[in-house]
Amino acid sequence: MNALRFTGKKQWDGVVRGNTCELGEEGDECRQKQFGKDADNLKESVMNKSSNGNYKAQTGQAASKIDDEYFKTSEALISEIDAYLDLDVFDKQRRVATTDIQTDAKTWTGRYAPGGSARLQSAQRLYVVVDSLLGHFAQNGFAPLPEPMKNKARSDMVTASGLLAKGL
């Protein structure tokens, strides 16, 4: 009786309608026909040239023109990551800093090292740091970085800063 008090709830009357097969053994033949149609449709879509047009994969290439903007953006990203690494585990700014780093790192990567392809040595080093941080954020969310990972990121950022200073 309690189930009937929900007036908006629909109940099945036992009648099969539309293109639906009967339940049980009565619908076996119908289901086999449906499977056959699905297989035929799949073959047709794969073999049909209009659905398999010529697609050219786009390859990411690093920025062809490296200017002052690259050096400014890279140094700013290094500073931002360094400030994040210095934050306390319980600091409420970690969440904001994580989001900012994710946004800035993705922008930097898309512009100067798409797909990991970087022209300069400094960009290659910084890409390693950015990639490991983004991977950590994707896998672990806001969890703190392990100390060895922090140390590796810091050493790579020092190397990248040195290479940036040399213009490499």
- Message: I need a count of the residues in the range 17-39 that are over 39 Å from the mean Cα position of the chain (by Cα) and of a type in the set (A, V, I, L, M).
- Response: 1
- Task: Output the qualifying pairs, or none if there are none: Cβ atoms under 7 angstrom, residues six or more apart or on different chains, first residue in the range 94-105 and closer than 13 Å to F142 by Cβ and in contact (Cβ under 8 Å) with a residue 24 or more places away in the chain, second residue surrounded by 15 or more Cβ atoms within 10 Å (Cβ to Cβ) and among the β-branched types (V, I, T).
- Result: I101/I81
- Looking for whichever is at pLDDT 70 or above, in a helix (DSSP H, G or I) and closer than 30 Å to D104 by Cβ here; the options are S74, S45. Which one fits? S74
- Just one of (1) loosely packed, with under 12 Cβ neighbours inside 10 Å; (2) in a helix (DSSP H, G or I) trips up L133, so point out which. (1)
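If you take the residues of the range 51-71 that are in a loop (DSSP other than H, G, I, E, B) and at pLDDT 55 or above, which of them is farthest from the chain's Cα centre (by Cα)? Show your work before the answer.
Going residue by residue through the range 51-71, those that are in a loop (DSSP other than H, G, I, E, B) are 51-67.
So of that shortlist, the ones also at pLDDT 55 or above come out as 54, 65-67.
On the way: N54: 26, K65: 27, I66: 26, D67: 28 Å.
Out of the qualifying residues, it is D67.
The values are calculated or read from the model by the stated rules, or taken from the named source; none is laboratory data. The model shown is predicted, which means the values in this text are computed figures rather than measured ones. Reconstructed Cβ throughout: ideal geometry from the backbone, glycine too, with neighbour counts over all protein chains shown.
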